[in-house]
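Read through the structure below, which is laid out as structure tokens, and then see the notes.
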Amino acid sequence: MRWQWGVLMPPSFASADNGEYADCHTECLLEPRSHTTLHIRLRFLQAQARTVWERRGEEYVRVDSLLLGDTEYTTWDEAVEREIDGLFPAAELLAQPVELPFSVPAGEEVEQLGEHGRLVRRTQRLSGALAVHLESLDGPFGGVRLRVDLKNTSAWTGADLTREAALHHALLATHLVLSVDSGYFLSMLDPPEWAKPAVDACVNSRVWPVLIGDNERSQAVLASPIILYDNPAIAAESQGDLFDGTEIDEILTLRTMTLTDEEKRQARATDPRAREIVDRVDAMPQELLDRLHGTVRYLRSVTGEQSGNDLADLEEITAEPGVPWWDPGADTSVSPETDSVVVAGIHVANGSKVRLRPELKRSDAQDMFLAGRIATVRAVLSDVDGERHIAVTLDDDPGADLQNTHGRFRYFSPDEVEPLEAQV
């Protein structure tokens, strides 16, 4: 299904019954200065219908696709990048909420394809509104809560009330970039102690604010429709404009490789970026693909005593000359399937039942949805830094046995699991 993230539908289509919404809401904390100005940039994609027309005699006839030379043109929904900017003095926002209505006019463009065809691109009119407000925080520490509401107010009615039709009147991949010329935003993931109650009181719907920058306090925030950490960055292993980094890159690259020649031909015909991705994957050397593969490497027994000398440890665990220290098979003394680690006075090993207690600062953000779930331990590992990891599968996951067979686990640190007395 196309267009899954950050979709704000027209109000006539949005409904709790179909799981579609016309609005989003974000709140975060800000320490402004006396003359701070807030800059809000709304960014979204607008669906653009691209239709193909073939010349037949003196007329043009709409067709599904048209092959001209080596290039195929296909009827397809493209996307146009849109940006809406607003500047708001902080003093005005503290006095009362400010609303910024906006609109994007409908449009039509015709691209001639030589003498034999043409592409017609059409967009529908969009309208919406941003409501912005600052509220002073209680207590002696100062600071304010920034609230931003975004609504799609596009008027749309028609006989074809399908999601595909509604998408042409929607804001797609919607997100907000908030910045100040003076002052700082506070992290919502790791706020200072005094700000934690205020962070807990913040409400965010369908977007989540993360800092952009290298510090705990930043002058910019991204209100993202997908889960991210503060200061998100593309992994160094991600070459070119591919997907989003490391393991996701690898998974989607492998899936692209499994496409048939006909499926690749169809993908290339949809969009120049899709064509570029397919071409890059087809030409990807094996060594570059290998770099995308993420692993947890274990070097020493998590229950064994260490000498305190890392170099000595590395020399001791090498099983035979020529085996590199980082190779998982170098340490013959470890066995992730049988090793254990003590948690709350209980030995946790393969087969142990645990309750997941992920920590917000340490776990993958998506792991927070697993809090309280029961899992079975499959292995106890240690990485190159000596950090311990517990590999688990969820007991209520229908695919747990398949994941266990293929070695696809979820990883938690020992202090993120609660041993259950009943052991398997």
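The values are calculated or read from the model by the stated rules, or taken from the named source; none is laboratory data. Fair warning: this is a prediction, and the values are worked out from it, not measured in the lab. We place every Cβ from the backbone using ideal geometry, glycine too, and count neighbours over all the protein chains shown. Accessible surface is based on the protein model in full, side chains and every heavy atom, while ligands, DNA and RNA are left aside. Shrake-Rupley method; radii C 1.70, N 1.55, O 1.52, S 1.80 Å.
Is it the case that residue 33 is modelled with pLDDT of 95 or more and exposed (fewer than 13 other Cβ atoms within 10 Å of the Cβ)? First the steps, then the outcome.
Details: modelled with pLDDT of 95 or more: no; exposed (fewer than 13 other Cβ atoms within 10 Å of the Cβ): yes.
Taking the combined requirement at face value, the residue does not satisfy it.
When you check residue 26 against the structure, is it of a type in the set (Ser, Thr, Tyr) and either under 30 Å from residue 114 (Cα atoms) or surrounded by fewer than 18 Cβ atoms within 10 Å (Cβ to Cβ) (or both), yes or no? Steps first, answer last, please.
Values: of a type in the set (Ser, Thr, Tyr): yes; either under 30 Å from residue 114 (Cα atoms) or surrounded by fewer than 18 Cβ atoms within 10 Å (Cβ to Cβ) (or both): no.
For residue 26, the condition - of a type in the set (Ser, Thr, Tyr) and either under 30 Å from residue 114 (Cα atoms) or surrounded by fewer than 18 Cβ atoms within 10 Å (Cβ to Cβ) (or both) - is not met.
Among the residues of the stretch 52-88, which ones are out of contact with any Phe, Trp or Tyr (no Cβ under 7 Å at 6 or more places or on another chain), surrounded by fewer than 15 Cβ atoms within 10 Å (Cβ to Cβ) and farther than 30 Å from residue 226 by Cβ?
56, 57, 58, 59, 64, 67, 68, 69, 70, 71 - these are the residues of the stretch 52-88 that are out of contact with any Phe, Trp or Tyr (no Cβ under 7 Å at 6 or more places or on another chain), surrounded by fewer than 15 Cβ atoms within 10 Å (Cβ to Cβ) and farther than 30 Å from residue 226 by Cβ.
Residues in the stretch 186-203 that are crowded, with 16+ Cβ neighbours inside 10 Å and either within 20 Å of residue 42 (Cα to Cα) or among the aliphatic types (A, V, I, L, M) (or both): how many?
Total satisfying the criteria: 6.
Of 357, 378, which residue is at pLDDT 85 or above, within 30 Å of residue 196 (Cα to Cα), in contact with a strand residue (DSSP E or B) (Cβ under 8 Å, 6 or more places away or on another chain) and open to solvent by 50 Å² or more (accessible area, probe 1.4 Å)? Please lay out each step first, then the result.
Details: 378 fails: within 30 Å of residue 196 (Cα to Cα).
Unique residue meeting the criteria: 357.
Which of the residues belonging to the stretch 381-424 are under 17 Å from residue 355 (Cβ atoms) and among the aliphatic types (A, V, I, L, M)?
Matches in the stretch 381-424: 390, 391, 392, 394, 400, 417, 420, 422, 424.
Out of everything in the stretch 1-23 that is within 25 Å of the chain's Cα centre (by Cα) and buried (at least 21 other Cβ atoms within 10 Å of the Cβ), what residue ends up being farthest from residue 117 (Cα to Cα)?
22
I'd like the residue in the stretch 18-51 that is among the hydroxyl-bearing types (Ser, Thr, Tyr) and in a strand (DSSP E or B) and, out of all such residues, is farthest from residue 166 (Cα to Cα).
At the first step, the residues of the stretch 18-51 found to be among the hydroxyl-bearing types (Ser, Thr, Tyr) are 21, 26, 34, 36-37, 51.
Those still in the list that are in a strand (DSSP E or B) too: 21, 26, 37, 51.
Numbers: 21: 12, 26: 24, 37: 36, 51: 18 Å.
Applying the filter and picking the extreme gives 37.
What are the pairs with Cβ atoms under 6 angstrom where one residue, in the stretch 189-204, is touching a residue at least 24 places away in the same chain (Cβ under 8 Å) and the other, located anywhere, is assigned to a helix (DSSP H, G or I)? Sequence gap at least six, or different chains.
What qualifies is 191/199.
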